[in-house]
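**Q** Attaching a single structure in structure tokens format; questions to follow.
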Amino acid sequence: MSIPRIASLQQQSISEPPPPPLYIITPTYRRPEQLAELTRLGYTLKHVVNLYWLVIEDAEEPTPQVTKLLQKINVPFSHLVAQMPAKYRKNKVKPRGVSNRNRGLEWIRANASDGVLYFADDDNTYDVEIFDEMRYTKKVSMWPVGLITKFGVSSPIVKNGTVVGFYDGWIGGRKYPVDMASFSVSVRFLLSRPNASMPYKPGYEEDGFLKSLSPLKLTEIELLASNCTEILVWHTQSKKNPNAMSLDMGKYNNTNLVHLRNILV
Ligand code: UDP
Ligand code: MN
């Protein structure tokens with residue numbers, strides 16, 4: 001007897017193998033918004049099955065408050081650190097999140113053999129649908145990202161089901177003028193490109209990484225979000241908050257405020 005189409009979730013998990021694993025690489029760094037961003041992202045990822053979250057801090061040491069939050073959210077995770085090299089920290093325009101993402105790639109090369117990887121910055125907004133779509137990526141999948149430049153969206157331009165170009169407010173001579181949140185890569189494909197990595201080149205991180213996966217034909221790019229007609233990921237940016245004022249310990253010692261102050265930056 002065949003299993004009815006509307007099988008319960010439990011029946012499905014008994015009768016079907018688990019879906020391919022997703023490896024989500026999230027670069028993050030200590031700042032007033034960090035715990036808020038990771039709270040929002042973490043509880044989004046909690047809706048996704050067979051997902052492994054690589055949270056990689058641009059820091060010397062893991063931040064204890066972040067470790068505590070990750071344990072609480074309880075999505076399977078590794079909490080790693082990869083500090084931006086000192087020579088780039090002095091720059092006015094910094095290669096943000098590059099050391100962290102390359103550390104994530106290194107972790108995947110050492111620990112994963114199949115599934116799909118995705119670079120999910122801590123401050124974006126993700127519709128959980130995109131995770132189940134990207135899971136079946138054979139080489140590289142792409143889709144639109146909202147709130148990028150004055151165009152409002154960055155997307156492959158699709159005609160008759162194939163990529164004919166890219167719509168993005170800043171092309172900058174890039175072969176792949178796309179956002180970090182707009183593509184996923186299969187782990188097997190990454191492993192077949194042992195030299196693939198992300199360059200420390202502000203504005204060209206995505207382009208440099210995708211080019212390092214070559215050979216890859218535009219016709220091989222798998223188009224998600226209903227042939228790039230939907231926006232499932234948004235490049236939200238949080239307002240920058242000032243650091244919290246120091247606490248007057250003469251006045252507030254032995255109160256709850258001492259605990260709260262330890263959480264803040
Ligand atoms: N990031 C980092 N170190 C930094 C600045 C940023 O690890 O010094 C991380 C940040 O948490 C985010 C990603 O890198 O996940 C991209 O940074 P941001 O959101 O500031 O860049 P934008 O979206 O404005 O390009
Ligand atoms: Mn961002």
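The values are calculated or read from the model by the stated rules, or taken from the named source; none is laboratory data. If you're wondering where the values come from, they're calculated on a predicted model, not measured in any experiment. In this analysis, Cβ positions are derived from the backbone assuming ideal geometry, glycine residues included, and neighbour counts consider all displayed protein chains. Surface accessibility is based on the protein's heavy atoms, side chains included, excluding ligands, DNA and RNA. Shrake-Rupley method; radii C 1.70, N 1.55, O 1.52, S 1.80 Å.
**Q** FRET efficiency for D114 and E61, Cβ-Cβ distance as r, R0 = 35 Å, nearest 0.05?
**A** The calculated FRET efficiency here is 0.65.
**Q** Would you mind telling me the antiparallel percentage of the DSSP bridges in the chain, rounded to 5?
**A** Within the chain, antiparallel bridges account for around 45 percent of the total.
**Q** Sum -39500 (n - 2.57) across every DSSP H segment of at least 4 residues in the chain, then divide by the residue count to get the 222 nm mean residue ellipticity, nearest 500.
**A** -8000 deg cm²/dmol
**Q** Turning to a different aspect of this structure: Gaussian network model of the chain, Cα springs within a sub-10 Å range: biggest mean-square fluctuation belongs to which of D121, D132, D248?
**A** Of D121, D132, D248, the most mobile in the Gaussian network model is D248.
**Q** Here's something else I'd like to know. Filter K150/K175; K175/K217; K92/K201; K175/K211; K87/K240 down to the pairs with a C-alpha to C-alpha distance above 18 Å, please.
**A** Too far apart for the 18 Å limit: K150/K175; K87/K240.
**Q** Give me the 1.4 Å probe accessible area per residue for the chain, excluding ligands and nucleic acids, in Å².
**A** I get 54 Å² per residue for this part.
**Q** Ranked by accessible surface with a 1.4 Å probe, highest first, in what order do K150, K159 come?
**A** So, going from the largest accessible area down, we get K150, K159.
**Q** Same structure again: Taking 41 Å as R0, compute the FRET efficiency from the Cβ-Cβ separation of R89 and K159 and round it to 0.05.
**A** 0.40
**Q** Order W170, W143 by their accessible area, 1.4 angstrom probe, all chains in place, largest first.
**A** In descending accessible area the options line up as W170, W143.
**Q** What's the angle, to the nearest 10 degrees (0 to 90), between helix 34-45's Cα axis and the longest principal axis of the chain?
**A** Between the helix axis and the principal axis of the chain, the angle is about 30 degrees.
**Q** How far is helix 98-111 tilted, in degrees, relative to the longest principal axis of the Cα atoms in the chain, given as a value from 0 to 90 rounded to the nearest 10?
**A** Helix 98-111 sits roughly 60 degrees off the main axis of the chain.
**Q** For the chain, set up a Gaussian network in which alpha carbons nearer than 10 Å are linked by springs, and say which option among K251, K239, K201 fluctuates the most.
**A** Result for the chain, Cα springs under 10 Å: K251 fluctuates most.
**Q** How many percent of all Cα-Cα pairs in region 186-243 sit more than 13 Å apart?
**A** That tail contains 75 percent of the Cα-Cα pairs.
**Q** For region 15-66, which whole percent of the accessible surface, found with a 1.4 angstrom probe, sits on carbon and sulfur atoms?
**A** Answer for region 15-66: carbon and sulfur cover 58 percent of the accessible area.
**Q** At q = 0.07, 0.12 Å⁻¹, what base-10 log of I(q)/I(0) does the Debye formula yield for the chain when every alpha carbon is treated as an equal point scatterer in vacuo?
**A** -0.28, -0.78
**Q** Same structure again: Would you kindly work out the equivalent ellipsoid of region 117-265 from its C-alpha gyration tensor and give its semi-axes, the square roots of five times the eigenvalues, largest first in whole Å?
**A** 38, 17, 16
**Q** Rank S78, S246, S141 by mean-square fluctuation in a GNM of the chain with C-alpha springs under 10 angstrom and give only the top-ranked residue.
**A** The residue that fluctuates most here is S246.
**Q** Which Cα, out of P62, V93, T125, lies furthest along the positive dipole direction of region 48-173 (beta carbon charges, K/R +1, D/E -1)?
**A** Of the candidates, V93 comes out farthest on the positive side.
**Q** Moving on to the next point. Separation between the S238 and E16 pseudo-spin-labels, each 7 Å from Cα along Cα→Cβ, expressed in nm?
**A** If labels sit at S238 and E16, their model points lie 3.5 nm apart.
**Q** May I pose another question? On a C-alpha basis, how far is the centre of region 191-265 from the centre of region 38-64 in Å? Whole number, if you could?
**A** That distance is 11 Å.
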